[in-house]
């Protein structure tokens, strides 16, 4: 039996190795906040959310398949919760089963397998009941096939057969074994037989003839004889014990896979509940095939910021279709870094098969997502900031593909503007030649201005909006790069307008001003 709720033709593999840039993605996009909201304190849910989102899939069919399953889950949350509970109880019943030294012998293995299988059969009956009662309420291909599989595999005849076998394998009528003689008159070909008494009625058993000839009885204190008899019994039940243990493991593995696959959808339901309480919109994205160069959205917001703030936050509308490079400039603390995070999180959520934090979202699938954010100074003083940035850039280049997306946040600002702009330009141009989609938040005016001068059709320029009175709207609008990041606004907010910082008002762009620490406003 297979669940097949995550992929159309294969089980989801929760043990797949995470991408090598997982630590950077988690740190730069604040993904732990997202995973915490999906897990609600459950470590298993946290791990499954983390793995599913970070692994994602570039396969368009799989994304749409998961979306349809998730829609069913959102309509039937209570039923999905019951399925998840049944899977958990089945797994925990195996863990609670009695285990001792004797369980390592065939007789003990048989006894334990019978005990565990009895618990698992109860869970299988519960799944069949859910399928009978609620299958019609689900429309997705995943759940339709899942419930059809339960009705086909878990028939009444199947349960009747299992019950009969379990009664027999408890060996309450003793053990009937046959064997042949091998070399040196050693026993071989041990076979366990059904007890003939099982077919008799109780009255017939009372008046049945005694055991045939060639019978001997052990003295109660004959320890050696008891040990020999136990060894004969183990040889007789060995094949049956192994077969039943394998069957038990097979059913148990089904419940483990069912729990793993449902955990992702349960996490999505938890996240949806949190965002509904906040009042933030969600939508199912429209993923398109690789190469269609689509990237447009309305109301896209940083879901992690909304979760932390507990109130709606500002969203953005952008149409970057047919664009390979998005350069984002503008006022300090204007929402640039938060906007960049919202792009990366939405891409990961879409390729995991989830809804996204937006009113509408359309984007092509990508083979990989990479982030290159500025970091704090190296406390060990082993290398300078520029060296550290270039080292991380080299790691990205080692793993990037022609269909990846890279998010740069104030990269290469650790040196002077001229050198930083040239480094950024060369790296950006090289990646674009290979088909890599790039979003670049920068205060390097020379870098942004040189691309603007070229008037390239596949480049779009966004700017953090600032009103004439200095108020940040935390929205991104199309606009050419400016030669100022309005650092004076921040100075005035901290020290007051009557203390000018210098003759030019601090208006010139500086690498060290603003960036990844942009706080984004709360809407409303």
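The values are calculated or read from the model by the stated rules, or taken from the named source; none is laboratory data. What you are looking at is a predicted structure, and each value in this text was computed from that prediction instead of being measured. Cβ atoms come from the backbone with ideal geometry, glycine included; neighbour counts cover every protein chain shown.
The table that follows gives values for the structure above.
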item	result
Condition check for residue 490: modelled with pLDDT of 60 or more and in the same structural domain as residue 296 (by TED's automatic domain parsing)	no
Residue match in the stretch 417-424 (condition: modelled with pLDDT of 90 or more and assigned to a loop (DSSP other than H, G, I, E, B))	no
Checklist (1) surrounded by 15 or more Cβ atoms within 10 Å (Cβ to Cβ); (2) at pLDDT below 90 applied to residue 155, failing item	(1)
Residue match in the stretch 104-121 (condition: modelled with pLDDT under 90 and out of contact with any helix residue (DSSP H, G or I) (no Cβ under 8 Å at 6 or more places or on another chain))	yes
Flag for residue 20 being exposed (fewer than 15 other Cβ atoms within 10 Å of the Cβ), under 27 Å from residue 340 (Cβ atoms) and touching a residue at least 12 places away in the same chain (Cβ under 8 Å)	yes
Search result, residues across the stretch 399-448 that are farther than 25 Å from residue 321 by Cα, free of Cβ contacts under 8 Å to residues at least 40 places away in the same chain and crowded, with 24+ Cβ neighbours inside 10 Å	412
The listed residue being farther than 21 Å from residue 357 by Cα and at pLDDT 95 or above, out of 244, 262, 252	262
Residue satisfying all of: in the stretch 284-293; assigned to a loop (DSSP other than H, G, I, E, B) and modelled with pLDDT of 95 or more; surrounded by the fewest Cβ atoms within 10 Å (Cβ to Cβ) among these	284
Scan of the stretch 19-78 for residues that are out of contact with any helix residue (DSSP H, G or I) (no Cβ under 8 Å at 6 or more places or on another chain) and part of a loop (DSSP other than H, G, I, E, B), ordered by number	41, 42, 59
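Residue-wise test of (1) in the same structural domain as residue 268 (by TED's automatic domain parsing); (2) assigned to a loop (DSSP other than H, G, I, E, B); (3) surrounded by fewer than 23 Cβ atoms within 10 Å (Cβ to Cβ).
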{"position": "311", "(1), (2), (3)": "no, yes, yes"}
{"position": "337", "(1), (2), (3)": "no, no, no"}
{"position": "341", "(1), (2), (3)": "no, no, no"}
{"position": "347", "(1), (2), (3)": "no, no, no"}
{"position": "350", "(1), (2), (3)": "no, no, no"}
{"position": "354", "(1), (2), (3)": "no, yes, no"}
{"position": "370", "(1), (2), (3)": "no, no, no"}
